[in-house]
1. Consider all pairwise Cα distances in the chain and report the whole-number % of them above 38 Å.
2. Relative contact order for the stretch 147-223: what is it in percent, counting Cα pairs under 8 Å that are at least 6 residues apart?
3. With a 10 Å Cβ neighbour count serving as the proxy for reagent exposure, in which order, fewest first, do 80, 203 appear?
4. So how long is each side of the stretch 71-113 along the principal axes, counting just the alpha-carbon atoms, biggest first, in Å?
5. Over the stretch 191-235, what relative contact order in percent results from Cα pairs under 8 Å that are six or more residues apart?
6. For an R0 of 51 angstrom, estimate the FRET efficiency from the Cβ-Cβ distance between residue 83 and residue 176 and round to the nearest 0.05.
7. Reported to two decimal places, what Rg/Rh ratio describes the stretch 128-170 when computed on Cα atoms with Rh from the Kirkwood expression?
8. Kindly work out what percent of the DSSP beta bridges joining two residues of the stretch 1-158 are antiparallel, to the nearest 5.
Amino acid sequence: PFEVLVVGGGPGGAAASIYAARKGIRTGLVAERFGGQVLDTMAIENFISIPYTEGPKLGAELEAHVKNYDVELYKGLAATKLVPATEPGGLATVELGPDARLSAKSVIVATGARWRHMGVPGEQEYKNKGVTFCPHCDGPLFKGKRVAVIGGGNSGIEAAIDLAGVVGHVTVVEFLDVLRADEVLVRKLKSLPNVDIVMSARTTEVLGDGDQVTGLDYEDRVTGELKHLDLEGIFVQIGLLPNTEWLQGTLELNPRGEIVVDERGATSADGIFAAGDCTTEPFKQIVVAMGTGSTAALSAFDHLIRTSAP
Ligand code: FAD
């Protein structure tokens, strides 16, 4: 059995496995797709000390760094069930489908998240060509340009306020006839000169010239009329779904499905820690996932020295 088994091979899992291996303890890492969400992005400009890199390059470097250490890697395998230890110092089991399982004295879950998509024509085709999901990451790419933010919840309105300071013009497109974001955010948004809000609007299609987004079509849900916006960027902010379905009933999750963790990365189960986008950590970013991944590994080590027989 492993002393630390990391589930997830994004920035959070990579950092956790390196921190664990550097303690000289037996460390394993299982990842369905090593690299995680960074593989789906191009420009990364907020990975501190590296002014510019690209997702696939960072993903490959994460793997090379992990391989510098004695970490047993299982790629292309998905965890399907977690069974925590039944007694202090016991073994937890991670099932990988019906026939395979790994056991460990401590487990670090870093299975990340995925953005909810609109599911309209053009969205997939223009991903990273104007359609984007991360305002902190991609806002500056649209300096002076026109963008839409899809979604009027807190993340959508925060994104719109944030973007209004960077881009030329922001249109918020909300499906419902109310904005669900906090009143203070809505007031702030409405005070900005370069923001429009369209309510009761169902986005129907992302349009482009083959290379880049040029606009978006939506249906006015009150009149049924089809309308068009000319713009260069579309920020989709309709939810981030944590990859925690396999943990339902095992670990405490919040109503959004995020693993509830404390400031040490400890979950509701003894010996099980979690890090990165799959947790209640509010900010979903590469450096944050790495920071919480290293915290979880140091906490797991602390747990091991307290529970292992002398
Ligand atoms: P992830 O990166 O989501 O990795 C999760 C890992 O777990 C993957 O290896 C996955 O295959 C694996 N996994 C999932 N389920 C299972 C399972 N059941 N069993 C085994 N393995 C499993 N952040 C920035 O800081 N700067 C940026 O510029 C930036 N741009 C972004 C652009 C895009 C398009 C996207 C989608 C995100 C961007 N982000 C950016 C956010 C950043 O990528 C995430 O915050 C970060 O990757 C989270 O790391 P993580 O390790 O928690 O999870």
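1. Here the tail beyond 38 Å accounts for 22 percent of pairs.
2. 27
3. Neighbour counts put them in this order, fewest first: 80, 203.
4. Result for the stretch 71-113: principal-axis Cα extents of 31, 22, 22 Å.
5. 30
6. The calculated FRET efficiency here is 0.80.
7. 0.91
8. 40
Read-outs: derived from the displayed coordinates by stated rules, not from any lab. All figures in this text were calculated on a predicted structure; none of them were measured in a lab. Using ideal geometry, Cβ is built from the backbone for each residue, glycine included, and neighbour counts are taken over all protein chains shown.
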